[in-house]
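Report on the structure given below.
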Amino acid sequence: MAKLDIINVPDPLLKTKSTPVDKVDDQVRKLLDDMLETMYAAPGIGLAAIQVAVAKRMIVLDTSTEEEENEPLFLINPEVTWESEERNTYSEGCLSVPEHYADVERPAAVRVQYLDYNGQMQEDLMEGLTATCVQHEIDHLNGVVFIDYLSRLKRNMIIKKVQKATKDSVIL
Ligand code: GNR
Ligand code: NI
């Protein structure tokens, strides 16, 4: 396994629409394993491939708490097949927008169809934090970051701060 580098806003890659995976092979599984290691190390509860600069429709998730066993989920070519009328608001963060948080409203529950680690089709109902997180990750696959839901003023302010923090952390 290998830990990968996570890209930050305003990297234009984060605006690209990722392309479907056509075959779940060992190369795909290797990337999923590396993404999971990267997510756990961050630490985060989700990660989309585009965040490690791979424009493929793959995400990893683990919303289990510290006291629980790890419960990794691997989703390839995920599609929302149903969303609840009920909405939920969470204070969201993103590993590509480090140290910034904002409320985002989304469907409280979704059904998601996807290929699993073995290339088998699955359909799961997701609720609570898992529902929020999977929608946040599917947004990444479509080139959308949570700050895109904020006003242009707030978004630009956050991008500037992340850029500055990223530059300041470069050791010359
Ligand atoms: O680690 C993460 N936490 C989080 C919290 C609330 C809503 C969404 C998320 S996803 C984020 C990791 C990430 O950036 N995934 O793309
Ligand atoms: Ni994110």
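Just to verify a number: FRET efficiency for D124 and D11, C-beta to C-beta distance, R0 = 35 Å, to 0.05?
On the way: r = 30 Å, r/R0 = 0.87.
Efficiency, from the Cβ-Cβ distance: 0.70.
In region 7-53, which trypsin sites (Lys or Arg not before Pro) fall in coil by DSSP and have 14 or fewer other Cβ atoms within 10 Å? Numbers along the way, then the final one.
Details: sites: K15, K17, K23, R29, K30; in loops: K17, K23.
Listed in order of number, the matching sites are K17, K23.
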Quiz item: If contacts are Cα pairs under 8 angstrom and at least 6 residues apart, what is the relative contact order of region 2-156 in percent?
Solution: 25 percent
Self-check item: Of P107, P12, P20, the one that fluctuates the most in a GNM where the chain has Cα springs shorter than 10 Å
Solution: P12
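Report, in debye and to the nearest 20, how large the dipole of region 124-171 comes out about its Cα centre when Lys and Arg carry +1 and Asp and Glu carry -1 on their Cβ. Show your work: numbers first, answer last.
On the way: 7 positive and 6 negative charges, 126 e Å.
Taking the Cα centre of region 124-171 as origin, the dipole is about 600 debye.
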Quiz item: Given I45, G93, N70, which one lies farthest toward the positive end of the charge dipole of the chain, if we put +1 on the Cβ of every Lys and Arg and -1 on the Cβ of every Asp and Glu?
Solution: G93
Practice problem: Return the single residue from N88, N70, N142 with maximal mean-square fluctuation; model: Gaussian network over the chain, springs between Cα atoms under 10 Å. | Solution: N70
Quiz item: Which whole-number percent of Cα pairs in the chain have a distance greater than 29 Å?
Solution: 16 percent
Self-check item: Ellipticity estimate at 222 nm from DSSP helix runs (n ≥ 4, -39,500 (n - 2.57)) divided over the chain, nearest 500
Solution: -9000 deg cm²/dmol
Quiz item: Once you sort the root eigenvalues of the Cα gyration tensor of region 1-48 as a ≥ b ≥ c, which label holds: rounded (a/c under 1.5), prolate (a/b larger than b/c) or oblate (the other case)?
Solution: oblate
Quiz item: Which of the GluC sites (Glu not before Pro) across region 33-98 are loop residues per DSSP, with 10 or fewer other Cβ within 10 Å?
Solution: E66, E67, E68, E69, E85, E86
Quiz item: Using +1 on the beta carbon of Lys and Arg, -1 on that of Asp and Glu, and nothing else charged, what's the dipole of the chain about the Cα centre, debye to 20?
Solution: 1220 debye
Exercise. Any lysines with Cα under 24 Å of the K17 Cα? List them, leaving off those in the same chain fewer than 8 positions away.
Key: K3, K30, K56, K154, K160
Exercise. Just report the Cα centroid separation between region 152-170 and region 54-95, whole Å.
Key: 25 Å
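We did not get these values from a lab; they are worked out from the coordinates using the rules stated. It should be emphasised that the depicted structure is a prediction, and the values quoted were computed from it without experimental measurement. Every residue, glycine as well, gets a Cβ built from its backbone with ideal geometry; the counts of neighbours run over all protein chains shown.
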